[in-house]
1. Please list, or write none, the lysines whose alpha carbon is within less than 17 Å of the alpha carbon of Lys53, excluding same-chain residues fewer than 8 places away.
2. In whole Å, what is the distance between the alpha-carbon centres of the range 81-123 and the range 1-52?
3. From the phi of every residue in the range 55-60, what ³J(HN,Hα) in whole Hz does the Karplus formula 6.51 cos²θ - 1.76 cosθ + 1.60 yield, where θ is phi - 60° and glycine or proline is x?
4. Report the one residue of Leu103, Met60, Val118 whose Cα lies farthest in the direction of the positive end of the charge dipole of the chain (charges on C-beta: Lys and Arg +1, Asp and Glu -1; origin at the Cα centre).
5. Hey, any idea what % of the chain's accessible area is carbon plus sulfur with a 1.4 Å probe?
6. What are the trypsin sites (Lys or Arg not before Pro) within the range 87-123 that DSSP puts in a loop, where the Cβ has at most 10 other Cβ atoms within 10 Å?
7. Give the relative contact order (percent, whole number) for the chain; include only Cα pairs under 8 Å separated by 6+ residues.
8. From the backbone phi of the range 11-19, what are the Karplus-calculated ³J(HN,Hα) couplings (6.51 cos²θ - 1.76 cosθ + 1.60, θ = phi - 60°) in whole Hz, Gly and Pro given as x?
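The values are calculated or read from the model by the stated rules, or taken from the named source; none is laboratory data. Note that the structure is predicted; figures quoted are calculated from it, not measured. Note that we place each Cβ from the backbone using ideal geometry, even for glycine, and neighbour counts take in every protein chain shown. With ligands, DNA and RNA removed, areas are computed over all heavy atoms of the protein, side chains included. Shrake-Rupley method; radii C 1.70, N 1.55, O 1.52, S 1.80 Å.
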Amino acid sequence: MDTKDYLFTYFAFVDKAAHSIPNYDKVIFNDMSKNNQKFAAIVNKYQDTDWRKVTEKIFMELLHEGVFTGTVDDDGDIIISNVTPLTYEILDQAKQPAFWDRLAELAPQWQDGSLTKVVVDCL
């Protein structure tokens, strides 16, 4: 997946979740697919089985790294029950193009690991 598309998806999920708590990962994904043209274009660009795995990885990472609080139900749905102060710190920084540029430069560090850890280090 293209680095800029991945970053957009990551920050779009953080933003959408911050404004629609509580919610499910699949509900957020479906709502964004219908109502966010740029996100819908990315979905169309990566319409393969790996795309769902990528989005699930992002949600799981956000949950496990403490950006969201919630749980995973028996069906594998991610239930986002709340966001943490870290969510708002991330969203504040995401408004800065230099922040995105810095994360893109650091892509080799997070592509096989955790983007959230790199984001937190850059805060």
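1. Within reach: Lys26, Lys45.
2. With the range 81-123 and the range 1-52 each reduced to a Cα centre, they are spaced 16 Å.
3. 5, 5, 4, 4, 4, 5
4. Leu103
5. The C+S portion of the solvent-accessible surface of the chain is 48 percent.
6. Lys95
7. Numbers: 113 pairs, mean separation 33.8, N = 123.
This gives 27 percent for the chain.
8. With the stated coefficients, the range 11-19 comes to 5, 5, 5, 4, 5, 4, 5, 4, 10 Hz.
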